Protein chains: 2
Amino acid sequence: MKVDREWSDGLPIYRQLRDRVVAMMLDGILKEGDPLPSVRNVAAEYRVNPLTVMKAYESLVDEGLVEARRGLGMFINAGARARLLEGEKQRFLEEEWPKIRETIERLGLTPDDLLRARRGKKP
Amino acid sequence: MKVDREWSDGLPIYRQLRDRVVAMMLDGILKEGDPLPSVRNVAAEYRVNPLTVMKAYESLVDEGLVEARRGLGMFINAGARARLLEGEKQRFLEEEWPKIRETIERLGLTPDDLLRARRGKKP
DNA sequence: TGTAGTGTTATATACGACTATAACACCACG
DNA sequence: CGTGGTGTTATAGTCGTATATAACACTACA
């Protein structure tokens, strides 16, 4: 499986890794009680330093979303999804969305532009 | 005028400076033919290193949006706004918006949530 | 001519993110 | 018990961002 050409943005890798795990939790790919992919595995898969993965996982521990059991792995806490959903919702609406809305207005983009933006390119 | 506490995000300052100038161009605050605020002034105003401002302005020169006249200043090129608008539109729709849309769906946010997000907080 | 404004370049320093390499600590299981 | 999986920590080096300080090059204008 090819997993190259990630990390294209200007965001730190550990931040992107954290976000990716969060996305998997929200999408139900990782359920509560499940173990996270091991630090070493992720590091190898994505050709990234183990410490970088650790840093990403640490932030999840700090948020109280996962728990580390030495010698076993990192496991998703009960209630993680609900808490995460609420927190991310609020953060998105209060911090990201206002900027996005401003950009949209500045560029003069119509709802129509935004809706037809996924599939076919500009006709 | 207080201008403290900027640069709160995780984006490099020179990137944020560049984006701020671009926003002013799109909003019509800076018109074509106008000079950009001088490197030294911006550096002093925002309490930032002149080289950091230079780096931001350099990227605008590289994009062909402004032109540097030694001893005079940096001036906005003719046609800059139109070209900028088109470029930013495309970049936003192709690179940013898909991710944003994904996040919105993942969080289960409704159009209603997004519309009422500016003024009054959650009722 | 000189002065004050502009962009431009040079040197050195600091810090954070990321990497490479290695070792340590713990647990399940045969 | 050992082996192989897990998380964890340590040391050291690279690179990009940003800093401080200083000097250089050019232009308008009095």
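Only one residue in B:Ser38, B:Ser8 is within 14 Å of chain A (Cβ to nearest Cβ), within 15 Å of DNA strand C (Cβ to nearest atom) and farther than 23 Å from B:Gly87 by Cα, so which one is that?
Details: B:Ser38 fails: within 14 Å of chain A (Cβ to nearest Cβ).
Only one candidate qualifies: B:Ser8.
Out of B:Leu93, B:Leu84, one residue alone is at the interface with chain A (Cβ under 9 Å from one of its Cβ atoms) and within 19 Å of A:Arg101 (Cα to Cα). It is B:Leu93. For the criterion of being within 11 Å of DNA strand D (Cβ to nearest atom), of a type in the set (D, E, K, R) and either in contact with a helix residue (DSSP H, G or I) (Cβ under 9 Å, 6 or more places away or on another chain) or within 12 Å of another protein chain (Cβ to nearest Cβ) (or both), A:Lys55 passes.
Just checking: which of the helices (runs of 4 or more DSSP H) contained wholly in the stretch A:21-98 hold 3 or more residues that are under 17 Å from the mean Cα position of the chain (by Cα) and surrounded by fewer than 17 Cβ atoms within 10 Å (Cβ to Cβ)?
Numbers: elements: A:39-45, A:50-62, A:80-91.
Fully inside the stretch A:21-98 and qualifying: A:50-62, A:80-91.
Screening the candidates B:Val53, B:Val42, B:Val66 for the property of being in contact with a strand residue (DSSP E or B) (Cβ under 8 Å, 6 or more places away or on another chain) and at pLDDT 95 or above yields one hit, B:Val66.
For A:Glu6, indicate whether it is modelled with pLDDT under 95, more than 14 Å from the chain's Cα centre (by Cα) and closer than 19 Å to B:Glu96 by Cβ.
Working: modelled with pLDDT under 95: yes; more than 14 Å from the chain's Cα centre (by Cα): no; closer than 19 Å to B:Glu96 by Cβ: yes.
In short, no.
Can you find a residue that is among the hydrophobic types (A, V, I, L, M, F, W, C) and facing another protein chain (nearest Cβ under 10 Å) anywhere in the stretch A:65-75? No, the stretch A:65-75 contains no residue that is among the hydrophobic types (A, V, I, L, M, F, W, C) and facing another protein chain (nearest Cβ under 10 Å).
The values are calculated or read from the model by the stated rules, or taken from the named source; none is laboratory data. The shown structure was predicted, so the numbers you read here are calculated from the model rather than taken from an experiment. Quick reminder, even Gly has a Cβ in these numbers, built from the backbone with ideal geometry, and neighbours come from all protein chains shown.
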